[in-house]
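Let me begin by presenting the structure, written as structure tokens, before commenting on it.
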Amino acid sequence: MSQRILKTVLRARPTTTLLRSSSTPAVAVRFSSSDAHGQETFEAFSERYVAFFQGAQDLFEVQRGLNNCFAHDLVPSTGVVEAALRASRRVNDYATAVRVFEGIKEKVENKKQYEAYLDELKPIREELGIQTKEELYTS
């Protein structure tokens, strides 16, 4: 039983590789996928996701991008949200566009911030014909 646990623990450890050149001593380097965007600024994050949504060609890509974007511990900028809304409408999925606003509502700290997002995004919402879940229930 203890050997099975030990094997599992050893498999779960991050990969460590020794890098060596002729003039420097061996250096242990840890490769981890969590470090890929660890030091990314908010502006770089926004640019990355705007570019991603502009290039998304199908619903799966749009939804995957939204899941990844909303998984971070921040509220996406209005530029990212606009690009996501345009991508949702481009792949002809109105429901995903509405769900973007549900995601924002969950991420913000209070109702005032959510309303600020709605106000800022009002022109794009009108252009694309997107209503929030609350608006759909009242109409």
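From A84, A116, A95, grab the single residue that is in a helix (DSSP H, G or I) and in contact with a Cys (Cβ under 8 Å, 6 or more places away or on another chain). Selected residue: A84, the only one of A84, A116, A95 that is in a helix (DSSP H, G or I) and in contact with a Cys (Cβ under 8 Å, 6 or more places away or on another chain).
Within segment 127-139, the set of residues being surrounded by 10 or more Cβ atoms within 10 Å (Cβ to Cβ) and within 19 Å of G79 (Cα to Cα) comprises E127, L128, I130, Q131, T132. Among the candidates E126, E43, E109, the residue that is in a loop (DSSP other than H, G, I, E, B) and without any contact (Cβ under 8 Å) to a residue 12 or more places away in the chain is uniquely E109. Pairing residues of segment 53-64 that are surrounded by fewer than 16 Cβ atoms within 10 Å (Cβ to Cβ) with residues that are outside any loop (DSSP other than H, G, I, E, B), at Cβ distances under 6 Å and at least 6 apart in sequence or on separate chains, gives Q54/A83.
In segment 65-76, the residues that are surrounded by 11 or more Cβ atoms within 10 Å (Cβ to Cβ) reach residues that are among the β-branched types (V, I, T) and part of a loop (DSSP other than H, G, I, E, B) with C-beta atoms within less than 6 angstrom, at least six apart or across chains, in these pairs: V75/V108. What do you reckon, is R48 over 20 Å from I130 (Cβ atoms) and modelled with pLDDT of 95 or more? When the stated conditions are applied, R48 passes them. For segment 95-124, taking the residues that are touching a Leu at 6+ places or on another chain (Cβ under 9 Å) and of a type outside the set (V, I, T), the one that is nearest to Q54 (Cα to Cα) is identified as A97. One residue stands out in segment 53-81 among those that are part of a helix (DSSP H, G or I), of a type outside the set (D, E, K, R) and under 9 Å from the mean Cα position of the chain (by Cα): the one that is nearest to I104 (Cα to Cα), namely F70.
The values are calculated or read from the model by the stated rules, or taken from the named source; none is laboratory data. The model shown is predicted, which means the values in this text are computed figures rather than measured ones. Virtual Cβ from ideal backbone geometry, glycine too; neighbours counted across all protein chains shown.
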